[in-house]
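Each value in this text was obtained by applying a stated rule to the coordinates, not by laboratory testing. Remember, it's a predicted structure, so these values are computed and weren't measured experimentally. Here the Cβ positions follow ideal geometry from the backbone for every residue, glycine too, while neighbour counts run over all protein chains shown.
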Amino acid sequence: MTTALLPKDFIWGFATASYQIEGAPAEDGRGPSIWDTFCKVPGKIADASSGDVACDSYHRTAEDIALLKSTGAKAYRFSISWSRIIPIGGRNDPVNPAGIAFYKKFVDDLLVEGILPLVTLFHWDLPEGLDARYGGLLNKEEFVADFAHYAKVLFEALPKVQYWITFNEPWCSSILGYNTGLFAPGHTSDRTKSAVGDSSRECWIVGHNLLLAHGAAVKVYREEFKPRNGGQVGITLNGRLSKFPSEEFLIREGDAVYPWDPEDPLDVEAAERKLEFSISWFADPVYFGRYPESMVKQLGDRLPTFTPEESALVKGSNDFYGMNHYTANYIKHKSTPPEPDDFLGNLETLFYSKAGDNIGPETQSVWLRPNPKGFRDLLNWISNRYGRPTIYVTENGTSLKGENDLSREEILDDEFRAQYFRDYIDALAKAVQDGVDIRGYMAWSLLDNFEWAEGYETRFGVTFVDYEGGQKRYPKKSAKTIGPIFEALIKKE
Ligand code: FCB
């Protein structure tokens, strides 16, 4: 029998993001975002698609809420499209009442059904207007002030929301958006292809600006809104860092790591360095007010420095740690000197150890191989390094090899995904027994949706979305797997 060991107020549910599910890009006054622009660039999205229609969730909020309800979910993590709230994006630009009304009603409708909203302010879809006006995330003064204003507009408009996430995976915005060019706005560190400044510095500048914007928004929340409704605010981090020989695909998540050769101190050190270049890049400033030493050492003056005021703004700016997690890798050190734009920390990531052990089975995503032990280990690593913060797992899930080619019946019987969730939730429960303070878990994702550069070829949903068949939703087996496990694990009093 399972022992109930999760706290009574533990919340579980599902996660999505605005651009991946909403569609309706020009409706009710929404302005364009950098993802609208990026999807039009030939070759950027695997199936040449976009989020123009996605799951049409903008028009199907009632259906999505009914789906959530049918799983028994206690919470729903979704993100807000900045371009619906302030279509051009800036602090002196008009606020769009229709955008506010849409999310206000959505929050109310969730609460009526007893589902707690976890709101992400920024899941990558920056208003195009800000990129065009001043270079978007690259412009410290403008971006930080505009983000703080946008956050304030929402804190004001949605007082019933108790959980706020400022940024989703700033690592992705910085590295994929400004170094590899795989994500919007598609800048690359190759100077011959980049239009702006010294491109080998861009991703580090963007990371710095995101941290400051997070700090500025949290300050606004704590001064003006937290005293009123006692809510919490945090940032969601990952650590996608691995570059595979196939190149196009990069690990995107807060991966666990193991040294390729545990006997080699250089591999052991490289594995630690990998976590520092991904997670600690953001978490060290948030918890300690400075960047990790390994990054300072390798990047030199390419890594911005914090002024004392900036450091004070960012340090201590998390009420909780938001953790996205999917997979694990083996890490092998490289002895060659790093390139100026090296974001890996000069190491290699592999699916095999020196002894030939495989990290986990293949999925549809080249970067993702299930390894639940890694989840438990990484939870412990974060907890130990950052002084046992409260952690909400804000994403965890898997794709399934060849899912798109299966019959409908087979798709709905997604035992592989169901087992992934059983194993990962078991690892989470063990981490709680280890002493990690975990208060929530959001599975990625409620629905199959637009998987960024992979388009619609990769499905992550616990619900099958029939894009050609009128967007009809069909719950898969995994949709019903999660609830009963958590209900058995959560203490009743
Ligand atoms: C995460 C993203 C999320 C989704 C999953 C599979 O990195 O935050 O939007 O794409 O990966």
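Bin width 5 Å, alpha-carbon pairs only: give the P(r) of region 354-439 as whole percents, running from 0 to the bin holding the largest distance.
The distribution over region 354-439 is 3, 13, 20, 20, 16, 13, 9, 4, 2, 0, given as percents.
Run lengths n ≥ 4 of DSSP H only: what is the helix-derived mean residue ellipticity at 222 nm for the chain, with -39500 (n - 2.57) per run over all residues, to the nearest 500?
-10500 deg cm²/dmol
Taking one equal scatterer on every alpha-carbon of region 415-493, how large is log10 of I(q)/I(0) by Debye at q = 0.20, 0.21, 0.22, 0.25 1/Å?
The calculated log intensity ratios at q = 0.20, 0.21, 0.22, 0.25 Å⁻¹ are -0.93, -0.98, -1.03, -1.19.
Please go through region 393-453 and write out the trypsin sites (Lys or Arg not before Pro) that DSSP classes as loop and that have at most 16 other C-beta atoms within 10 Å.
K401
Please identify the trypsin sites (Lys or Arg not before Pro) of region 257-326 that satisfy two criteria: DSSP loop assignment and at most 16 other Cβ atoms within 10 Å. Which are they?
R290
In whole angstrom, how long is each semi-axis of the equivalent ellipsoid of the chain, when you take the square root of 5 times every eigenvalue of its Cα gyration tensor and sort them from largest down?
Its equivalent ellipsoid spans semi-axes of 29, 28, 24 Å.
One quarter of the convex hull surface, Cα atoms only: what value does that give for region 251-316 in nm²?
Averaging across all directions leaves 5.2 nm² for the Cα convex hull.
When the chain is fully extended, how far beyond the present Cα-Cα distance does E487 get from K105, taking 0.36 nm per residue of separation?
134.7 nm
Suppose the chain between D405 and A132 were pulled fully straight at 0.36 nm per residue; how much longer would it get relative to their current alpha carbon spacing?
Between D405 and A132, full extension yields 94.3 nm more.
Express the relative contact order of the chain as a whole percentage, based on alpha carbon pairs under 8 Å and six or more residues apart in sequence.
18 percent
Take the alpha carbon atoms of region 347-493, find their radius of gyration, then divide it by 2.2 N^0.38 Å using N residues; give the quotient.
For region 347-493, the normalised Cα radius of gyration comes out at 1.14.
Could you tell me how far the Cα centroid of region 368-428 sits from the Cα centroid of region 133-150, in Å?
What the calculation gives is 34 Å, centre to centre.
Looking at region 74-107, which trypsin sites (Lys or Arg not before Pro) are DSSP coil and have at most 15 other C-beta atoms within 10 Å of their C-beta?
R91
Can you work out ³J(HN,Hα) from phi for every residue in region 24-34, in order, using Karplus 6.51 cos²θ - 1.76 cosθ + 1.60 and θ = phi - 60°, giving whole Hz and x for Gly and Pro?
Ordered by residue, 3J(HN,Hα) equals 6, x, 10, 8, 6, x, 5, x, x, 10, 5 Hz.
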